[in-house]
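The values are calculated or read from the model by the stated rules, or taken from the named source; none is laboratory data. Keep in mind it's a predicted model, so treat the numbers as computed, not measured. Every residue, glycine as well, gets a Cβ built from its backbone with ideal geometry; the counts of neighbours run over all protein chains shown.
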Amino acid sequence: MENQQQSMALDALPGGHQSILDGMPPALKECLRKAARVVLVANNPAITRDDVQALNIGADDVIVSFNNCVLAPLLSPQSVNLFVHGFNAPDAYFFGLPYGPEVQRIFAQAQARCFTMLVGCTGAMCPLPEVSLYWERIPLPPLWNYPVDRPGGKRYVGPTTGFNVLVLFDWLRGQADYNFQLMTLGFSNEAGKRWGGHAWDYERDWLQQSDVIVVPLRPRRWWQKLFHRR
């Protein structure tokens, strides 16, 4: 990793100074050491309760949700829940904060093990001790070398919240004491049109070439398809 960082010219972009492991609180790192699986769940409206239940989530599995966490009603406080929020630099706020009632419900459970991660920070910030904090950009090659220019002359704003965390955990499972399986659910095209500010093809190609387990969504029943169209 040290050689990779040196080859990335860490003074070329903001964020090159940060320690990846030190960005996580000890309690989260301990949960990740115990985890058999880390499952990243996209904000994909095509995901159903059947998709989530089919995973047979265990008590030590870590479930990662993003930004507005639209699938919070399907989450369980029995597992470890990590809520990740990307930074909107122009307006200086994090997507999905403050938490909605469904996420607050999970945090309020006595047995809940919930964590917050903030990614893409661009300004001075001091998080709470139990909150993970990462600056834009995280010094890992797929993130550091993310495409800049897109067709038409505009620039990409940088990695999606999900891609930041996907690459982060892919790197982490290669470190000592971290042996979890890395899985994604809903990282696919069922959600419809995507905002053009991210390099989706780049992120999709990286995922396809990785050994991350991509869990396909279950076939919909006819009545689920009707409900989804409304």
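List of remarks:
- Filter result (hydrophobic (A, V, I, L, M, F, W, C) and in contact with a helix residue (DSSP H, G or I) (Cβ under 7 Å, 6 or more places away or on another chain)) within the stretch 107-116: Ala112, Cys114, Phe115
- Every condition in (1) at pLDDT below 90; (2) in a strand (DSSP E or B) holds for Ala12 except the one numbered (2).
- Restricted to strands (runs of 3 or more DSSP E) entirely inside the stretch 46-140, those with at least 2 residues that are within 17 Å of Gly186 (Cβ to Cβ) are 62-66, 80-88.
- Applying the criterion of being more than 17 Å from the chain's Cα centre (by Cα) and within 22 Å of Tyr134 (Cβ to Cβ) to the residues of the stretch 166-193, the residue that is modelled with the highest pLDDT is Tyr178.
- Criterion (closer than 21 Å to Arg137 by Cα, among the aliphatic types (A, V, I, L, M), loosely packed, with under 14 Cβ neighbours inside 10 Å and without any contact (Cβ under 8 Å) to a residue 24 or more places away in the chain) met by exactly one of Ala92, Ala59, Ala12, Ala108: Ala12
- Taking each residue of the stretch 19-35 that is farther than 10 Å from Tyr178 by Cβ and looking for partners that are among the basic types (Lys, Arg) with beta-carbon atoms closer than 7 Å, six or more apart or interchain, yields Cys31/Arg113.
- Residues in the stretch 118-156 that are touching a residue at least 60 places away in the same chain (Cβ under 8 Å) and under 23 Å from Ser210 (Cβ atoms): 11 in all.
- Of Gly100, Gly174, all but one fail to be surrounded by fewer than 14 Cβ atoms within 10 Å (Cβ to Cβ), free of Cβ contacts under 8 Å to residues at least 40 places away in the same chain and over 21 Å from Ser65 (Cβ atoms); the exception is Gly174.
- Here Arg204 meets the list (1) surrounded by 15 or more Cβ atoms within 10 Å (Cβ to Cβ); (2) at pLDDT below 95; (3) not in a loop (DSSP other than H, G, I, E, B) almost entirely, failing just condition (1).
- Subset tally (residues that are outside any loop (DSSP other than H, G, I, E, B), crowded, with 18+ Cβ neighbours inside 10 Å and among the small types (Gly, Ala, Ser)) for the stretch 15-45: 1
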